[in-house]
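What follows is a short report on a single structure.
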Amino acid sequence: QSRYFFSRLATSTIHSRCFASTLVVAEQIDGGKLAPVTLNALTAASQLKQDIDCVIFGADKTAETTTQLQKFNNSNIKKIFVAENVAFKGLLSEAVTPVLLDLQKKNNYTHILGGSSTFTKSILPRLAALLDVQPISDITKVVDKDQFIRFVYAGNAVLKLKSNDTVKIITVRGTAFEATKEGGGSGQANVEKLDSSVKNDLSEFVERQIQQSERPELPSARIIFSGGRALKSKENFKLLYDLADLFPGQATVGASRAAVDAGYCTNDLQIGQTGKIVAPDLYVAIGISGAIQHIAGMKDSKVIVAINKDGDAPIFAIADYGLVGDLFKVIPELNEKLKKK
Ligand code: FAD
């Protein structure tokens with residue numbers, strides 16, 4: 001009788017593993033590092049309260065990425081699948097997606113998640129199309145296993161959606177979920193190498209041009225000095241770099257789309273609906289009017305300071321502190337005062 005009981009128990013465990021489990025697509029960035037946004041995705045995944053597997057893709061150094069991921073076992077990662085192949089150079093969607101599709105066919109995950117990034121934005125919609133389900137992008141809250149919150153209309157409305165798809169394919173807005181902290185959990189996750197023989201005749205990775213900077217990446221910076229059209233030139237953007245460099249390792253520079261379009265800075269600095277989403281401790285909007293598309297990318301910042309010569313500029317409506325004045329007078333003054341601190 002007891003044998004019967006145990007075999008029933010084992011069967012039901014296997015079933016629940018099959019029917020309610022989550023796959024987190026972990027992201028490898030330069031030199032085998034784990035992308036910080038993967039840790040936000042892990043937090044969202046753990047709120048689903050079911051077993052978690054992870055998968056890592058890379059052309060090389062996946063062992064390093066796996067070791068980093070294993071430090072976050074407090075999110076109860078059961079297994080880490082590792083797919084290493086030179087064909088994953090540049091993490092092209094055409095190479096990665098067939099492997100994900102295979103993994104899904106074998107393990108029947110109910111949820112597949114990744115942190116919102118260029119990588120997941122190219123991979124997960126392709127996977128969703130191949131599985132014939134609706135991808136759910138940029139969620140800011142997990143309500144339950146079927147219901148999620150996300151912003152629509154450039155952040156002006158909050159949508160609570162319910163998905164009846166058998167597998168939910170989700171990207172997670174990094175700024176909306178705390179990063180998972182390093183910690184123990186219930187033991188080290190097993191690592192399984194995937195047979196990742198890949199055939200990709202559809203695309204080829206040529207090169208990646210990266211802006212080298214000593215300053216932190218926009219999504220992880222604690223302080224952002226963001227400039228708008230009012231800066232008037234590329235040379236004047238130096239005013240903002242000088243401010244950021246007063247806070248080494250903590251501050252960086254962002255921009256409105258108008259500043260990017262005018263060529264004052266590179267487009268990787270753009271914040272907003274069609275740029276990066278940020279939520280630093282301090283966001284200083286300098287000569288930025290506060291169009292809804294810009295606000296969509298920075299409104300969750302903890303403290304917002306606006307500097308604008310027009311006292312009626314919409315940015316003041318969301319600012320915690322506002323300074324009405326000419327930036328070409330205010331910024332050099334601010335720089336001098338900060339240097340003396
Ligand atoms: P402006 O709106 O021209 O504002 C300049 C501000 O500077 C004004 O408020 C002015 O009073 C002030 N100013 C001028 N001179 C000075 C001075 N000397 N000192 C102090 N203040 C001064 N925008 C984004 O930023 N990010 C996005 O991701 C984005 N996505 C978009 C997507 C779509 C589909 C569309 C249609 C638009 C998008 N936009 C986006 C553009 C957006 O609508 C605005 O056009 C843009 O944000 C305006 O940038 P700005 O505030 O720098 O310029």
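Values as computed for the structure displayed
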{"read-out": "Of all residues in the stretch 200-231 being of a type in the set (A, V, I, L, M) and under 26 Å from VAL96 (Cα atoms), the one that is farthest from the ligand (Cβ to nearest atom)", "value": "LEU202"}
{"read-out": "Elements of type strands (runs of 3 or more DSSP E) in the stretch 125-198, at least 2 residues being more than 20 Å from PHE57 (Cα to Cα)", "value": "136-142, 147-152, 157-162"}
{"read-out": "Residue check for ILE286: touching a Leu at 6+ places or on another chain (Cβ under 7 Å) and surrounded by 21 or more Cβ atoms within 10 Å (Cβ to Cβ)", "value": "yes"}
{"read-out": "Matching residues, the stretch 298-331, being near the ligand (Cβ under 9 Å from one of its atoms) and modelled with pLDDT under 95", "value": "none"}
{"read-out": "Given (1) at pLDDT 95 or above; (2) over 19 Å from ALA230 (Cβ atoms), index of the condition ILE277 fails", "value": "(1)"}
{"read-out": "Filtered residues of the stretch 107-141 (kept if modelled with pLDDT of 95 or more and among the basic types (Lys, Arg))", "value": "ARG126, LYS141"}
{"read-out": "Selected residue (criterion: modelled with the lowest pLDDT) from residues of the stretch 142-200 that are among the basic types (Lys, Arg) and out of contact with any His (no Cβ under 8 Å at 6 or more places or on another chain)", "value": "LYS199"}
{"read-out": "Flag if LYS61 is among the basic types (Lys, Arg), modelled with pLDDT of 95 or more, in contact with a Gly (Cβ under 8 Å, 6 or more places away or on another chain) and surrounded by fewer than 18 Cβ atoms within 10 Å (Cβ to Cβ)", "value": "yes"}
{"read-out": "The stretch 255-275, residues that are in contact (Cβ under 8 Å) with a residue 24 or more places away in the chain and surrounded by fewer than 19 Cβ atoms within 10 Å (Cβ to Cβ)", "value": "ALA262, GLY263, THR266, ASP268, GLN273"}
{"read-out": "Matching residues, the stretch 261-294, being more than 8 Å from the ligand (Cβ to nearest atom), in a helix (DSSP H, G or I) and among the hydrophobic types (A, V, I, L, M, F, W, C)", "value": "LEU269"}
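Yes or no, residue by residue, for (1) touching a strand residue (DSSP E or B) at 6+ places or on another chain (Cβ under 9 Å); (2) buried (at least 17 other Cβ atoms within 10 Å of the Cβ); (3) within 29 Å of SER93 (Cα to Cα):
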site: THR180; (1), (2), (3): yes, yes, yes
site: GLY183; (1), (2), (3): yes, no, no
site: ASN190; (1), (2), (3): yes, no, yes
site: ASP201; (1), (2), (3): no, no, yes
site: SER213; (1), (2), (3): yes, no, yes
site: ALA230; (1), (2), (3): yes, yes, no
site: GLU235; (1), (2), (3): no, no, no
site: PHE247; (1), (2), (3): yes, yes, no
site: VAL253; (1), (2), (3): yes, yes, no
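The values are calculated or read from the model by the stated rules, or taken from the named source; none is laboratory data. Worth saying up front: this structure is predicted, and the values here are computed from it rather than measured. Glycine also receives a Cβ, built like all others from the backbone with ideal geometry; neighbour counts cover every protein chain displayed.
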